[in-house]
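Reading through the structure tokens given below for one structure.
The values are calculated or read from the model by the stated rules, or taken from the named source; none is laboratory data. The structure displayed is predicted, hence computed values, not measured ones. Cβ placement follows ideal geometry from the backbone for every residue including glycine, while neighbour counts extend to all protein chains displayed. SASA here: full protein model, heavy atoms, side chains in, ligands and nucleic acids out. Shrake-Rupley method; radii C 1.70, N 1.55, O 1.52, S 1.80 Å.
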Amino acid sequence: GNSVTQMEGPVTLSEEAFLTINCTYTATGYPSLFWYVQYPGEGLQLLLKATKADDKGSNKGFEATYRKETTSFHLEKGSVQVSDSAVYFCALSENNAGNMLTFGGGTRLMVKP
Amino acid sequence: ETGVTQTPRHLVMGMTNKKSLKCEQHLGHNAMYWYKQSAKKPLELMFVYSLEERVENNSVPSRFSPECPNSSHLFLHLHTLQPEDSALYLCASSQGETSGGAQYFGPGTRLTVL
């Protein structure tokens, strides 16, 4: 079956630090990959996505590259802000699974001024 | 982003009460989902509706009863819940292939069962 593994948090950084949140996956086919973000008291928001190998998804300064050879989709940002404090979820979807999403456990990011 | 709305945002109920959660999507999608998010647990998929028919039910107890009257609305009817059912209930929608598998979430209903 499909699975997504994320680094456990919390990740605590100072403002303007470089962020990496690791995500690896296992899938039987050719999944689409996603990063979702959940701010306190809110639902999940789609942050970025990539639908095939070597694609790079990007949004709001965040980037992630679909690496088929390492089955990874690590999230990066060059300079984090306090407002980036949230929980980040990596997820995959396979078309042959009816677009069901498989989520990782989530990684809490705390950015201090 | 107000593409998916959920009401109420907060709900407190006793174990003998009956209540319903409502979800509405304004994105023209054809699939809708209910998830349960508990503290320190992975996100749990509860129900999936595609074209208003239930296609997935992940062994959810019968005290949770979904209803999808049309492609824009999804309900979760609750009765005789247990305290361990306290959680954030999230609704999502998607448009299948054309969205590349992406789902769009509502803000959730924070449920507390006393």
When every residue in segment B:23-44 that is over 10 Å from B:Tyr89 (Cβ atoms) and touching a Leu at 6+ places or on another chain (Cβ under 6 Å) is compared, the one most open to solvent (accessible area, probe 1.4 Å) is B:Asn30
The condition from (1) open to solvent by 40 Å² or more (accessible area, probe 1.4 Å); (2) touching a Leu at 6+ places or on another chain (Cβ under 9 Å); (3) among the charged types (D, E, K, R) that A:Lys77 misses is numbered (1)
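Yes/no per residue for (1) within 12 Å of another protein chain (Cβ to nearest Cβ); (2) in contact (Cβ under 8 Å) with a residue 12 or more places away in the chain; (3) under 30 Å from B:Asn30 (Cα atoms); (4) under 15 Å from the mean Cα position of the chain (by Cα):
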{"site": "A:Leu19", "(1), (2), (3), (4)": "no, yes, no, yes"}
{"site": "A:Tyr25", "(1), (2), (3), (4)": "no, yes, yes, yes"}
{"site": "A:Tyr30", "(1), (2), (3), (4)": "yes, yes, yes, no"}
{"site": "A:Trp35", "(1), (2), (3), (4)": "yes, yes, yes, yes"}
{"site": "A:Thr51", "(1), (2), (3), (4)": "yes, yes, yes, yes"}
{"site": "A:Asp54", "(1), (2), (3), (4)": "no, yes, yes, no"}
{"site": "A:Gly61", "(1), (2), (3), (4)": "no, yes, no, yes"}
{"site": "A:Phe103", "(1), (2), (3), (4)": "yes, yes, yes, yes"}
The condition of being open to solvent by 40 Å² or more (accessible area, probe 1.4 Å), free of Cβ contacts under 8 Å to residues at least 24 places away in the same chain, within 21 Å of A:Leu101 (Cβ to Cβ) and of a type in the set (Lys, Arg) holds, among B:Arg63, B:Arg54, only for B:Arg54
Confirm whether B:Ser93 is more than 14 Å from chain A (Cβ to nearest Cβ) and either buried (at least 19 other Cβ atoms within 10 Å of the Cβ) or hydroxyl-bearing (Ser, Thr, Tyr) (or both).
no
Taking the conditions exactly as written (at pLDDT 95 or above, in a strand (DSSP E or B) and hydroxyl-bearing (Ser, Thr, Tyr)), does A:Ser58 satisfy them or not? yes
